[in-house]
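To keep things clear, I will list the structure first and then write my remarks on it.
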Amino acid sequence: MNKLRLLSGNAHPALARAIAGHLGVPLTSAEVARFPDGETKVRILEDVRGRDVFVIQPTCPPQNENLMELLIMIDALRRASADRVTAVIPYYGYARQDRKHEGRVPITAKLVANLITTAGANRVLTMDLHATQIQGFFDIPLDHLYGTPVLAAHIRGRMTTDVVAVAPDPGSIKLANAFAKRLGAGLALVEKRRISDSEVVAGNVVGDIEGKNVVIVDDMISTGGSMAEAIKMAKKFGANKVIAAATHAVFLDGTIERLAAASPDELVVTDTIPLRGDPARAGLTFEVLTVAPLLGEAIKRIHFNESVSSLFT
Ligand code: R5P
């Protein structure tokens, strides 16, 4: 792996260090700072000519800063004659707007894909895109990993019998189905209506969850509205134990309190995004699972031109 190089922006250095530790490859030194006027300043402090470089940077909040850092780092690497640049984006921000659902709105997921490609990325490695079709917005190779293997392995240790995977809305049904298959569990769906960007109401549960051990699975928890409503519905419909599981813990202000008020038996997320707040202090039984080995393994396989799809199982 003497040509493999790992770089991190300021979005999630802890995850980058964990990936580096898993691979036994040190992080390449880089200055990623700000000019006095606030513009992003990048300088790669080691030679990367002819190297296979992976830039680790989730585009989580603050999205604009993190995205800009990623673009400028890619540009710096191309100009420093890196052989290949892979953008490792464990959480892909701006993904919610992936189609024109009404007039005169942008498709930001496509715009960001264009920006990353134009900056000079040769490949992308990402996880649990908000909509899987965003893969097609890139005209460069993209490897898409799932948090399901990591989360499901944890759930298996917590729930063994009468398990039902619940989708908190129709958009998450594929994800819940993947969980159900992996756990040999049943499948159910919460009927959800979004009132505004931050408000949702749940109407009904499709499927039998009475007396069952329920794992509610989503790609992300942002305001926590969807998850909190689903937890309440699961309890109302007689679920026994309720675990809330999501890959991306975006956790905006008020999310932890909202989830604590819904009171699941456990909340489990992964470390694709640095954690904001302290769910345990709010009284939640809480676990963060690391995706560093999964991302590290994918990076190693991409570097050696080996199959990445086998990581799905
Ligand atoms: C729905 O489209 C997604 O799968 C999530 O349920 C949603 O984005 C989570 O957002 P929030 O936590 O704000 O309800």
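Values for this structure:
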quantity: Of the criteria (1) out of contact with any helix residue (DSSP H, G or I) (no Cβ under 7 Å at 6 or more places or on another chain); (2) more than 10 Å from the ligand (Cβ to nearest atom); (3) assigned to a strand (DSSP E or B); (4) not polar (S, T, N, Q), which one ALA244 fails; calculated: (1)
quantity: Unique match (being part of a loop (DSSP other than H, G, I, E, B) and either away from the ligand (no atom under 16 Å from the Cβ) or surrounded by fewer than 22 Cβ atoms within 10 Å (Cβ to Cβ) (or both)) among ALA202, ALA178, ALA239; calculated: ALA239
quantity: Candidates PHE251, PHE286, filtered to the one that is closer than 24 Å to LEU15 by Cα, within 15 Å of the ligand (Cβ to nearest atom) and among the aromatic types (Phe, Trp, Tyr); calculated: PHE251
quantity: Criterion (out of contact with any His (no Cβ under 7 Å at 6 or more places or on another chain), exposed (fewer than 14 other Cβ atoms within 10 Å of the Cβ) and outside the structural domain of THR270 (by TED's automatic domain parsing)) met by exactly one of HIS101, HIS12, HIS22; calculated: HIS101
quantity: Hits in the stretch 163-175 (condition: within 16 Å of the ligand (Cβ to nearest atom) and either surrounded by fewer than 17 Cβ atoms within 10 Å (Cβ to Cβ) or not in a loop (DSSP other than H, G, I, E, B) (or both)); calculated: ALA165, VAL166, ALA167, PRO170, GLY171, SER172, ILE173, LYS174, LEU175
quantity: Subset of the stretch 60-101 (residues that are within 16 Å of the ligand (Cβ to nearest atom) and acidic (Asp, Glu)); calculated: ASP98
quantity: Test: residue in the stretch 141-162 that is within 11 Å of the ligand (Cβ to nearest atom) and in contact (Cβ under 8 Å) with a residue 12 or more places away in the chain; calculated: no
quantity: Hits in the stretch 181-199 (condition: outside any strand (DSSP E or B) and closer than 25 Å to GLY211 by Cα); calculated: LYS181, ARG182, LEU183, GLY184, ALA185
quantity: Yes/no for ILE273 being closer than 23 Å to ARG84 by Cα and surrounded by 18 or more Cβ atoms within 10 Å (Cβ to Cβ); calculated: no
quantity: The stretch 134-163 - residue that is modelled with pLDDT of 95 or more and polar (S, T, N, Q) and, of those, nearest to VAL53 (Cα to Cα); calculated: GLN135
quantity: Answer residue from the stretch 208-230, given it is under 17 Å from ASP162 (Cβ atoms) and part of a loop (DSSP other than H, G, I, E, B) and is nearest to the ligand (Cβ to nearest atom) among those; calculated: ILE209
quantity: Failed condition for ILE273, given (1) closer than 22 Å to TYR94 by Cα; (2) free of Cβ contacts under 8 Å to residues at least 40 places away in the same chain; calculated: (2)
quantity: Residues located in the stretch 136-151, provided they are surrounded by fewer than 18 Cβ atoms within 10 Å (Cβ to Cβ) and assigned to a loop (DSSP other than H, G, I, E, B); calculated: ASP139, ILE140, PRO141
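The values are calculated or read from the model by the stated rules, or taken from the named source; none is laboratory data. Small disclaimer: the values here were computed from a predicted structure and weren't measured. Cβ atoms come from the backbone with ideal geometry, glycine included; neighbour counts cover every protein chain shown.
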